[in-house]
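Only one structure is covered here, and it is reproduced in the block below.
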Protein chains: 2
Amino acid sequence: MRVHNFSAGPCTLPVEVLEEAQAEFVDYRGAGMSLIEMSHRSKAYDEVHHQAMRKAAEVFGAPDDFEVLLLGGGATLQFAMIPMNLLKQSELGAYVDTGAWATRAVEDGGYHGDVYRAWDGRDEGYRRAPRPEEVALQPNTRYLHVTANETIGGIRLPEFPDLGVPLVADLSSEYMSRPIPWDRFDLVYGGAQKNLGPAGVALTFVRRSVLETANRELAAYLRYDLHAAKDSMFNTPPVFAIYMMGKVLGWVESEGGLQEMQRRAEAKAGRLYAAIDGSGGFYRSPVEQDSRSLMNVVFRLPTEDLERDFVAAAADRDLVNLKGHRSVGGVRASLYNALPNESVEALVGFMEDFQAANA
Amino acid sequence: MRVHNFSAGPCTLPVEVLEEAQAEFVDYRGAGMSLIEMSHRSKAYDEVHHQAMRKAAEVFGAPDDFEVLLLGGGATLQFAMIPMNLLKQSELGAYVDTGAWATRAVEDGGYHGDVYRAWDGRDEGYRRAPRPEEVALQPNTRYLHVTANETIGGIRLPEFPDLGVPLVADLSSEYMSRPIPWDRFDLVYGGAQKNLGPAGVALTFVRRSVLETANRELAAYLRYDLHAAKDSMFNTPPVFAIYMMGKVLGWVESEGGLQEMQRRAEAKAGRLYAAIDGSGGFYRSPVEQDSRSLMNVVFRLPTEDLERDFVAAAADRDLVNLKGHRSVGGVRASLYNALPNESVEALVGFMEDFQAANA
């Protein structure tokens with residue numbers, strides 16, 4: 001029996017993918033060993049690796065002038081690598097601060113380059129993303145960093161700003177759920193453990209021309225150009241995480257690709273926000289309408305006691321991992337690509353029952 | 001049917017561990033989801049995580065004043081993090097250069113601190129490890145870095161030098177195969193994908209007092225002290241790799257622990273080197289007697305053509321992954337902890353047959 005898993009990440013994955021991986025786990029396709037026991041230079045793993053890279057570019061519609069990188073250390077290590085690789089003397093990195101993850105990106109970035117907040121949502125208590133005209137860029141800005149979706153705050157950037165400066169985006173919690181305008185971007189990145197697979201690999205797309213001028217005075221692991229030149233096999237890659245990511249991307253493709261994932265995301269989140277907004281104030285979203293996340297739906301109840309009861313009673317109905325992040329409280333339902341419609345329906349049904357019993 | 005897998009890494013793992021992981025892969029102990037679908041803050045994963053940390057320290061006999069860190073990016077990222085965290089202004093990092101991996105450590109280290117080679121095996125063509133008295137330390141040396149075992153060259157440091165400077169060691173390809181004198185060490189590290197589990201996690205032990213003075217002017221992921229303070233859950237850890245590492249460590253424990261792994265390593269390597277040395281020169285080791293690796297047994301045949309034939313004919317007998325690293329050629333048989341005696345016996349039997357047919 002599968003539960004309804006609303007975890008914010010690591011999160012629910014397609015059960016077909018899990019079953020396929022299980023079947024071939026001990027003896028990989030008659031090799032007499034597991035895939036995870038093979039040299040990363042073996043023919044079998046090489047195919048898995050390159051297929052995952054190809055599928056990532058195909059499903060996401062990345063143009064040919066972007067390199068696909070598969071890296072360890074999660075999005076968190078990317079916070080350091082971006083300024084290390086991209087910022088030269090006297091160049092600045094601009095950051096849009098929309099919440100907890102944007103804050104980490106700009107604070108970490110500051111140890112490895114000159115960075116500043118081009119928009120700051122702190123004073124408003126992180127209730128929305130900025131309009132493009134609110135983003136204040138300084139001269140010599142090399143890139144504008146945005147967090148496409150704030151997993152904790154439930155805030156989504158409704159559109160990617162076109163301000164004449166290349167964009168860099170953390171896509172961790174909304175990867176492969178909407179198309180992105182590649183021509184505005186120099187780099188996008190994210191941890192896999194939401195829409196892409198298990199934890200253990202970060203997926204980065206970087207424009208090839210960026211690599212030509214990237215800083216090379218770094219240890220090998222920290223260099224984008226080196227990972228690109230070696231197809232992310234400069235050192236032993238996180239084999240199993242990449243293998244699973246390839247399978248999940250194949251599933252996305254077989255389900256209809258990026259457009260279909262976007263349609264489903266809008267439908268699932270739309271259904272849940274409608275239930276929240278239609279509850280007469282019993283449930284309420286702390287996020288402004290235009291900035292609401294399609295992946296992480298954050299909502300509040302009249303009291304914190306009720307929120308606690310809600311999360312516990314939901315778990316009794318196999319609706320699990322609904323507790324909001326400890327830093328903000330409340331309830332959070334994460335609706336990643338692999339979460340079926342039925343789980344959203346079950347949640348909405350439970351919300352109605354809970355309200356009827358407690359309003 | 002399992003093949004005899006002599007891969008240098010990722011490498012053979014205990015089949016019992018693989019089967020156990022397979023059985024609980026889709027539905028983790030009745031949770032209604034896979035372990036890789038769970039929040040890393042969940043109770044179930046928290047237990048897996050902390051048990052792996054505890055077992056690592058127990059099996060390896062690490063004293064209480066060492067912290068256990070589970071990190072992404074492999075040993076390769078550690079090459080950068082070590083000088084970043086440990087070296088202060090005017091302090092030097094000394095490196096013993098015994099081959100390909102030591103070279104990477106010192107070259108990468110040089111981008112993030114002042115480092116030098118305290119012994120250099122290049123001119124001799126990397127045929128041995130140094131005697132302690134050959135290691136030339138400069139004033140203000142903060143640490144002496146050694147590569148306990150060179151996976152490519154098949155060279156092992158017979159003893160850890162006691163020169164009055166704290167040691168830092170790359171243990172990647174010999175982790176948990178011999179005890180180490182902890183009192184001489186400030187830090188040991190290595191990728192898991194040899195004796196510890198699948199690729200995707202690096203295991204680092206660092207002395208607690210080192211963390212108190214470690215550099216904090218770094219992005220979060222690059223800070224040892226922060227990973228230690230958060231039990232390696234500052235960001236989402238590589239869940240599956242850690243889970244498997246915990247199981248492999250449990251296997252090591254159940255098989256008799258570190259002493260037994262050392263005994264087996266000496267027995268397996270001893271058997272193979274005896275076959276090489278007893279072949280009347282048909283097989284020969286390029287490594288000096290005292291410096292021979294117990295994990296990666298490198299040997300040559302009279303000609304490169306014969307080496308190619310040997311590797312191909314061995315594969316026909318299900319003795320696989322015996323080709324030497326492309327940078328050095330020859331034959332390499334890796335004898336990690338999970339490789340059974342029978343695989344070594346099968347290899348020795350094949351070597352005798354091959355010699356009889358080709359001498």
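Data table
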| read-out | value |
| --- | --- |
| Given charges at beta-carbon only (K, R positive; D, E negative), |dipole| of the protein assembly as shown in Debye | 340 debye |
| Exercise: per-residue mean of other protein chain Cβ atoms within 10 Å, A:104-114 | 3 |
| DSSP bridge orientation in chain B - percent antiparallel, rounded to nearest 5 | 50 percent |
| Relative contact order [Cα under 8 Å, 6+ residues apart], segment B:244-328, whole percent | 18 percent |
| GNM top mover of A:V15, A:V210, A:V165 - chain A, alpha-carbon springs below 10 Å | A:V15 |
| For segment B:86-191: rounded, prolate or oblate by the Cα gyration tensor [a/c cutoff 1.5] | rounded |
| Inter-copy label distances at A:M233 (7 Å, Cα→Cβ; nm, one decimal) | 3.6 |
| Charged-residue dipole, Cβ positions (Lys, Arg, Asp, Glu), chain A about Cα centre, Debye nearest 20 | 320 debye |
| Per-residue mean of C-beta atoms belonging to partner chains within 10 Å, peptide A:185-193 | 1 |
| Segment A:Q259-A:E134, length gained on full extension (0.36 nm per residue, minus Cα span) | 42.1 nm |
| Inter-probe distance in nm under a simple model that places probes 7 Å from Cα toward Cβ, at B:E304 and A:K88 | 4.1 nm |
| Taking chain A and dividing mean pair separation by its residue count, relative contact order in percent (alpha carbons under 8 Å, at least six apart) | 23 percent |
| Stokes-Einstein diffusion coefficient of segment A:191-321, Kirkwood radius over Cα pairs, 37 °C, 0.692 mPa s, in µm²/s | 176 µm²/s |
| Per the axis that maps chain B onto chain A, nearest residue of B (Cβ criterion) and its distance in Å | B:G72, 2 |
| Calculated log₁₀ intensity ratio I(q)/I(0) where the Debye formula runs over C-alpha points of chain A, q = 0.14 Å⁻¹ | -1.16 |
| Average beta carbon contacts from partner chains per residue of A:4-14, 10 Å cutoff | 5 |
| Accessible area that becomes buried as A packs against B, both chains, 1.4 Å probe, Å², nearest 100 | 4600 Å² |
| Entries in A:K194/A:K247; A:K323/B:K230; B:K247/B:K323; A:K230/B:K194; A:K194/A:K268 that, when Cα-Cα distance is taken, lie over 18 Å | A:K323/B:K230; B:K247/B:K323; A:K230/B:K194 |
| Accessible area per residue in Å² at 1.4 Å probe, computed on chain A | 36 Å² |
| Label 7 Å beyond Cα on the Cβ vector: B:E124 copy-to-copy distances, nm | 6.7 |
| Label geometry 7 Å along the beta-carbon vector: B:G329 inter-copy distances in nm | 7.1 |
| Reduced Cα scattering model of segment A:125-279, Debye log10 I(q)/I(0), q = 0.14, 0.15, 0.17 Å⁻¹ | -0.86, -0.98, -1.20 |
| Chain A: most fluctuating residue of A:L35, A:L294, A:L18 per GNM, C-alpha cutoff 10 Å | A:L18 |
| Relative contact order for segment A:1-71, counting Cα pairs under 8 Å that sit 6 or more residues apart, in percent | 12 percent |
| Å³ per residue enclosed by the Cα convex hull of the protein assembly as shown | 152 Å³ |
| Net length gained if the chain between B:D277 and B:E58 were fully extended (0.36 nm per residue, minus Cα distance) | 75.1 nm |
| Kirkwood Rh, Cα atoms: Rg over Rh of segment A:1-151 | 1.08 |
| Rounded to the nearest 20 debye, dipole of segment A:257-359 from Cβ charges on Lys, Arg, Asp, Glu | 300 debye |
| Portion, in percent, of the accessible area of the protein assembly as shown that falls on carbon or sulfur, probe 1.4 Å | 46 percent |
| DSSP H segments from chain A that extend 15 Å or more along their own axis, Cα-based, with Kyte-Doolittle mean of 0.5 or above | A:74-86, A:239-254 |
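The values are calculated or read from the model by the stated rules, or taken from the named source; none is laboratory data. Owing to the predicted nature of the structure, the values given are computational and were not obtained by experimental measurement. Cβ: placed from backbone, ideal geometry, glycine included. Neighbour counts: every protein chain shown. Note: areas computed on protein heavy atoms with side chains; ligands, DNA, RNA excluded. Shrake-Rupley method; radii C 1.70, N 1.55, O 1.52, S 1.80 Å.
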